[in-house]
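Below: the structure, in structure tokens.
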Amino acid sequence: MDIFDVLKKKYNNKKVNILGTKYTIFITTTKEDKALLNCSGYCSYNLQKVVIRQDIDYFKDKNDEWITHDVKHTLRHELTHAFYNESGLMNDACQINGAWALNEEMIDWLATQTPKIFKVFNELDLL
């Protein structure tokens with residue numbers, strides 16, 4: 001079983017509760033979902049789904065550890081969008097110069113730092 005099969009088995013069609021709303025995770029290819037042609041994943045608020053790209057060519061020359069890290073990071077990133085949406089922040093953050101809740105840097109920061117934050121919280125028995 002290669003890393004793509006492992007990740008697909010672990011995450012594909014998994015349902016998660018995002019603040020009371022069920023979202024479904026899909027691991028798929030650009031052949032199956034053209035919306036992934038210019039991104040590694042997306043969150044559909046209307047359809048309550050998170051879609052993660054898993055094309056073999058997209059990960060060409062990458063090892064299993066790198067691929068796993070990238071898929072997990074993208075999944076955290078897209079789920080952060082879902083949490084912001086279900087919190088009401090996506091619609092309420094409209095500003096003339098752009099909404100902070102839609103800012104990809106903000107989403108990426110949280111997606112990157114949450115494992116580190118949770119590690120400290122776990123060490124201190126705060127969860």
- Note on the structure: Phe4 fails exactly one of (1) open to solvent by less than 70 Å² (accessible area, probe 1.4 Å); (2) at pLDDT 95 or above; (3) hydrophobic (A, V, I, L, M, F, W, C), namely (2)
- Task: Those residues that are within 26 Å of Asn103 (Cβ to Cβ), aliphatic (A, V, I, L, M) and buried (at least 19 other Cβ atoms within 10 Å of the Cβ), I need them from the stretch 28-75; list them, please.
- Result: Leu36, Val50, Val51, Ile52, Val71, Leu75
- Item | Members of the stretch 106-120 found to be among the aliphatic types (A, V, I, L, M) and under 14 Å from Thr74 (Cα atoms), listed by number | Met106, Ile107, Leu110, Ala111
- Single condition Leu37 does not satisfy, out of (1) in contact with a helix residue (DSSP H, G or I) (Cβ under 9 Å, 6 or more places away or on another chain); (2) free of Cβ contacts under 8 Å to residues at least 12 places away in the same chain: (1)
- Limited to the stretch 105-124, what total is found for residues that are exposed (fewer than 10 other Cβ atoms within 10 Å of the Cβ) and modelled with pLDDT under 90? 2
- Task: Output yes when any residue across the stretch 13-24 is open to solvent by 90 Å² or more (accessible area, probe 1.4 Å) and touching a residue at least 60 places away in the same chain (Cβ under 8 Å), and no when none is.
- Result: yes
- Message: Take Tyr84 and tell me if it is of a type in the set (Ser, Thr, Tyr), at pLDDT below 95 and farther than 26 Å from Ile117 by Cα.
- Response: no
- Message: What are the pairs with Cβ atoms under 7 angstrom where one residue, in the stretch 99-120, is among the aliphatic types (A, V, I, L, M) and the other, located anywhere, is open to solvent by 70 Å² or more (accessible area, probe 1.4 Å)? Sequence gap at least six, or different chains.
- Response: Met106/Trp100
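The values are calculated or read from the model by the stated rules, or taken from the named source; none is laboratory data. Bear in mind that the values here come from a model prediction, so they are computed numbers and not experimental data. Heads up, the Cβs are rebuilt from the backbone with ideal geometry, glycines too, and the neighbour counts pull from every protein chain shown. These area figures cover heavy atoms from the full protein model, side chains too; ligands, DNA and RNA do not enter into them. Shrake-Rupley method; radii C 1.70, N 1.55, O 1.52, S 1.80 Å.
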